[in-house]
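The values are calculated or read from the model by the stated rules, or taken from the named source; none is laboratory data. Since we're looking at a predicted model, the values are computed, not measured. Note that each Cβ is placed from the backbone with ideal geometry, even for glycine, and that neighbours are counted across all protein chains shown.
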């Protein structure tokens, strides 16, 4: 499987295409559905044999549904650590899935807009991603995938509680809506904490770039619902589309306007220092590269920078991550070697702009 994943590393992922509604702030929309197969224990209690049976049953259902004919089916357990990390960086699997044990797989389409994690936290996690704010399109696709699988699988479902899941917060619809936002201005103006507190008051979770327990690298933040029980899918989607995301987007826009109006020289200095560092550094860490790219991305969207292509910046967010970088180099690298190779890659990509 290494060769196909080498090719994956060379193209832009769905979540960083830089297109779609509100794409200057809303990086991506993701919807996940948690499902379990009736008659089997949750994974924490499942034996190795049961895990294998679950994986086989889900793969059989996938083979029966025509819509999955061109999907790639990857045995996560057989991948080496670098390939698993690559899939995490591309948001195709979670860290928990990468670090798990026993029979587990991921199935995804060539655009990486849809993926199915088998034996992650639940028996089955469906995921659909879109660039920008595209909740309705994402829901339409994931609902179709769910229906196609349910035609061949019997899900664990309770008449009163809904879909039964390993984590109590997913019981009910089993839907988790997650919108990734780029919020550099809120951080620079010191307003980010106020937004985080407001989101928590609205029963929302705020996470970093790679989900639970991760940092907000490059000023990327994932906002997701915490509760599904007692709420319909439509209620959750409507809340994100009409209330939650527009409010945060407006906060970021106000913060960007304030920076331009009140701190223009300081803003320009930060943006152009970031660009200068990226163009000249010979050694650069992953975190430093992401932070500089974050400032450059904002500079492009607020019209303070024109010397670089946005698509290049978006691609570098991925290509400078450790697994992607090593895949592009075609060899394993130490931390110091990665810092040198990362700087070389960035300079080379920006020299063409």
Please work out if residue 90 is at pLDDT below 95, more than 22 Å from residue 174 (Cβ to Cβ) and buried (at least 17 other Cβ atoms within 10 Å of the Cβ).
-> yes
Please work out if residue 249 is out of contact with any helix residue (DSSP H, G or I) (no Cβ under 9 Å at 6 or more places or on another chain), surrounded by 15 or more Cβ atoms within 10 Å (Cβ to Cβ) and assigned by TED's automatic domain parsing to the domain that holds residue 179.
-> yes
In the set 6, 56, 80, 75, which member is loosely packed, with under 15 Cβ neighbours inside 10 Å and farther than 30 Å from residue 333 by Cα?
-> 56
Would you check if there is a residue in region 32-50 being more than 18 Å from residue 112 (Cα to Cα), in contact with a strand residue (DSSP E or B) (Cβ under 7 Å, 6 or more places away or on another chain) and surrounded by fewer than 17 Cβ atoms within 10 Å (Cβ to Cβ)?
-> yes
Restricting attention to region 214-259, the residues that are part of a helix (DSSP H, G or I) and under 22 Å from residue 314 (Cβ atoms) number exactly 11
Can you find even one residue in region 248-270 that is free of Cβ contacts under 8 Å to residues at least 60 places away in the same chain and closer than 23 Å to residue 345 by Cβ?
-> no
Residues in region 8-43 that are without any contact (Cβ under 8 Å) to a residue 40 or more places away in the chain and within 16 Å of the chain's Cα centre (by Cα) total 1
Leading residue by the ranking (surrounded by the most Cβ atoms within 10 Å (Cβ to Cβ)) among those in region 159-168 that are touching a strand residue (DSSP E or B) at 6+ places or on another chain (Cβ under 9 Å) and not in a strand (DSSP E or B) | 165
Which of the helices (runs of 4 or more DSSP H) contained wholly in region 260-353 include at least 1 residues that are out of contact with any strand residue (DSSP E or B) (no Cβ under 8 Å at 6 or more places or on another chain), modelled with pLDDT under 95 and buried (at least 16 other Cβ atoms within 10 Å of the Cβ)?
-> 286-301, 310-319, 322-329, 335-351
From the option list 128, 171, 195, 107, single residue qualifying as at negative phi, at pLDDT 95 or above and either surrounded by fewer than 22 Cβ atoms within 10 Å (Cβ to Cβ) or over 20 Å from the mean Cα position of the chain (by Cα) (or both) is 107
If you check 66, 57, which single one turns out to be over 19 Å from the mean Cα position of the chain (by Cα), over 23 Å from residue 233 (Cβ atoms) and at pLDDT below 95?
-> 66
List the pairs whose first member sits in region 198-209 and is surrounded by 14 or more Cβ atoms within 10 Å (Cβ to Cβ), whose second member is part of a helix (DSSP H, G or I), and whose Cβ atoms are under 6 Å apart, counting only residues at least 6 apart or on separate chains?
-> 206/196; 206/199; 209/217
